[in-house]
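Readers should treat all values here as calculations from the given coordinates under stated rules, not as data from a laboratory. Worth saying up front: this structure is predicted, and the values here are computed from it rather than measured. We place every Cβ from the backbone using ideal geometry, glycine too, and count neighbours over all the protein chains shown.
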2 protein chains.
Amino acid sequence: MKKVAIIDEEKTCFLCKNCLKEWIPAILAHKKNYKVKKGEIIFKEGDPVKGIFFVNNGIVKVHKRWGADKELILRFASEGMVFGHRALGGDGVYSISATAIQAGIVSYVDMEFFETTLKVNTDFAYKLLMFLAYDLRVSERKTRNVAHMPVKGRVAEALIMLKDQFGLTDDGYINIELSRQDLASFSGATYETVFRVINELISENLLVLSGKRISIANFEKLSKLTEDAA
Amino acid sequence: MKKVAIIDEEKTCFLCKNCLKEWIPAILAHKKNYKVKKGEIIFKEGDPVKGIFFVNNGIVKVHKRWGADKELILRFASEGMVFGHRALGGDGVYSISATAIQAGIVSYVDMEFFETTLKVNTDFAYKLLMFLAYDLRVSERKTRNVAHMPVKGRVAEALIMLKDQFGLTDDGYINIELSRQDLASFSGATYETVFRVINELISENLLVLSGKRISIANFEKLSKLTEDAA
DNA sequence: CGTGGCGTTGACCGGGATCAAGTAGAGTGG
DNA sequence: CCACTCTACTTGATCCCGGTCAACGCCACG
């Protein structure tokens, strides 16, 4: 995975794709594996913290609910990425939920062991630090966007982020199968609105659909929508 | 400063009020001081990263703009707190702005020195890690709130956070003088809307005003507004 | 063939942004 | 001390984006 283009152009991301094994053999030795199926809840807000998780394969959404039926997807964790790390030093319960949206295998190490490792392995702690700072920049950008950017721009940004994280298929479509509902939750808008916005983007020739797969037809114009007019 | 009550009840916060000197004498020896006056911009989005900052005294707002005249205040840094730490491992420019809203003295150490210290001082790195994880939880809660919580709840939460961070004066008012504009930006809403909402809260006897100072008259009911109905 | 779930679309509505205008201080200069 | 300006606060009127609700089509599946 490359870092989200909007934030940081060319550097590769910390703690993601394949870099896991280089840094933390001690942790890898201790991890326990879970097989998860599509839609399976790994943990949810308020659950007692079990540990810190890694995606071996599959895709996990990290999300936060509001009320009975509103959620916001904060990020997707794909192969090699950590999740549940926000629980570090917290009050012992998860502040977010994690749900598999594509079947796969996730691993976890209990928090105590992880924290011990951090204290011992300076290099790893440092890299995790960098990753958290990065995470924070992404999160704060998202907050700003939800507060001020119109839905159209948020959908555009969401698609660009998905493209950056998951890449393209051979025929140029964004390489993730995402329900419209999840795309909406990731954009911080409703199902119906996102639907309409996507139609708009298609009629403006910025996107092309094939079933539920999405292809970006005009990257330039799409990323213009994510820019600040000033 | 206590941690924001909503997130984490009783623990004291990392890297804040007075704990600075215990952890990082090396850094304190290297810091340079700046006197800032009210309204002075310390750095802004896009500026090249100078270093990491600390508040000696005064209050600094950390904010992010959208367009010419919209901003979102992400947090306030008061005595003893760090800011600019999101720049760690970034692309060399600040992704947010920092502006003094109360005159005081801020210090900074250049990023290179800070990063070196982090690599050497494991304990400090670990504590910063915990702090970043905490920051992330707060940030993600805020994102969710802006996406789904109505303005009234956001204003309520903003006031509670201010009370937790700045405490109360002897006569029970929140101990910070904040312009309505800043309160609005912190709540992620417009000036006028926040004004109306505050009036509403007053007529419901949840708040009392004295000039621009605000007192929480009914904490119970106010914090109810920040809760998820489900 | 019904039935249930999701995709699609239209109609409506309301929260909150925007616009406009008036008021009250807080300096500032004469 | 008053007039003048400037900025912040206050309030009403209006508008519109996007959320809500409802209906319909479509396909899968029992």
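Between B:Gly51, B:Gly211, B:Gly104, the GNM of chain B built on Cα springs shorter than 10 angstrom shows B:Gly211 fluctuating the most. Under the combined filter of DSSP loop state and at most 15 neighbouring Cβ atoms within 10 Å, region B:37-84 retains these trypsin sites (Lys or Arg not before Pro): B:Lys37, B:Lys38, B:Lys44.
I need to check one value: relative contact order of region A:128-230, counting alpha carbon pairs closer than 8 Å and at least 6 residues apart, in percent. Don't skip to the end; give the middle numbers.
Numbers: 94 pairs, mean separation 28.5, N = 103.
Result for region A:128-230 is 28 percent.
Think of each Lys and Arg Cβ as +1 and each Asp and Glu Cβ as -1; about the Cα centre, that makes the dipole of chain A roughly 300 debye.
The charge dipole of region A:155-225, taken about its Cα centre with unit charges on the Cβ of Lys, Arg, Asp and Glu (plus for the first two, minus for the last two), comes to roughly 100 debye. Take A:Thr122, push a point 7 Å out from Cα through the beta-carbon direction, and compare it with the same point in every other copy: 0.9 nm, smallest first.
Decide, for region A:150-224, between rounded, prolate and oblate: order the square roots of the alpha carbon gyration tensor eigenvalues as a ≥ b ≥ c, take rounded if a/c falls under 1.5, and otherwise choose prolate if a/b is larger than b/c, else oblate. Could you put the intermediate results ahead of the total?
On the way: a/c = 1.42, a/b = 1.20, b/c = 1.18.
It comes out rounded by the Cα gyration axes.
An oblate overall shape is assigned to region B:46-128, the ratio a/c of its alpha-carbon gyration tensor axes (a ≥ b ≥ c) being 1.5 or greater and a/b not exceeding b/c. Can you give me the pair-distance distribution of region B:124-179, C-alpha pairs, 5 Å bins, whole percents? It works out to 4, 16, 17, 18, 19, 14, 9, 2, in whole percents. How tilted is helix A:111-120 with respect to the longest principal axis of chain A? Cα atoms for both, answer in degrees (0 to 90, nearest 10). With both axes taken from Cα atoms, the answer is about 80 degrees.
Under the convention that each Lys and Arg Cβ holds +1 and each Asp and Glu Cβ holds -1, the size of the dipole of region A:191-230 around its Cα centre is about 240 debye.
Along chain B, counting only GluC sites (Glu not before Pro) with a DSSP assignment other than H, G, I, E or B and at most 10 other Cβ atoms inside a 10 Å radius, the longest segment between sites is B:11-230.
If each DSSP helix of 4+ residues adds -39,500 (n - 2.57) and the sum is divided by the residues in the protein assembly as shown, what number results at 222 nm, nearest 500 deg cm²/dmol?
Counting only the DSSP helices, I get -12000 deg cm²/dmol.
Need one word for region A:78-171: rounded, prolate or oblate. Basis is the Cα gyration tensor (sqrt eigenvalues a ≥ b ≥ c); a/c below 1.5 gives rounded, then a/b vs b/c decides.
Values: a/c = 1.98, a/b = 1.56, b/c = 1.27.
Verdict is prolate for region A:78-171.
Taking all Cα pairs closer than 8 Å and separated by 6 or more residues, the relative contact order of chain A comes to 20 percent. Three semi-axes describe the equivalent ellipsoid of chain B; taken as square roots of 5 times the Cα gyration tensor eigenvalues and ordered largest first, they are 31, 18, 17 Å. Among B:Ser203, B:Ser187, B:Ser78, whose mean-square fluctuation peaks in a Gaussian network model of chain B (Cα, cutoff 10 Å)? Its mean-square fluctuation being the largest, the pick is B:Ser203.
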